[in-house]
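Peer 1: Once you've had a glance at the structure underneath, I'll fire off some questions.
Nothing in this text is a laboratory measurement; each read-out follows from the coordinates by a stated rule. Note that the structure is predicted; figures quoted are calculated from it, not measured. Virtual Cβ from ideal backbone geometry, glycine too; neighbours counted across all protein chains shown.
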Amino acid sequence: MEILGMDFGCAFGSLRDGKFPEKDCLVPLISKLLGYCIVAASTTVKVPQILKILNHRSVKGLSLVAFELEVVGYTIALAYCLHKGLPFSAYGELFFLLIQGLGSSEDQILYLMMIDAGSI
């Protein structure tokens, strides 16, 4: 039984026989599960910062260069993982962090443009 690239068959087969799954079966399964948990948690890492920027309508004290470098770093790391053909559980967090980093950069650029235009 395979779900999201994880083979549960060996673990369920051992448990069905009343035995604890072997290390060779359990370690990759736990590794994949942890990878997907990290990916799930990464979907909301930057949401509080984005909401704070939107609520306060200010980017005071935030560095645009830092946000841009973060986006560049995530892009390079994601491209490398895709080029190497790594599983989604290995690079999924980079995808979601990149999306959130782009959103943060966009918010910062918009508010800086509004400050320059005198709208705020």
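Peer 1: How big is the dipole moment of the range 43-120 about its Cα centre under a simple scheme where the beta carbon of each Lys and Arg is +1, that of each Asp and Glu is -1, and everything else is neutral? Debye, nearest 20, please.
Peer 2: 160 debye
Peer 1: So the label point goes 7 Å from the Cα of Leu64 along Cα→C-beta, right? Which residues of the range 94-118 then have their backbone N under 12 Å from it?
Peer 2: Correct set: 105-117.
Peer 1: Please list the radius of gyration and Dmax for the range 66-120, considering alpha-carbon atoms only, with Å as the unit.
Peer 2: 14.7, 48
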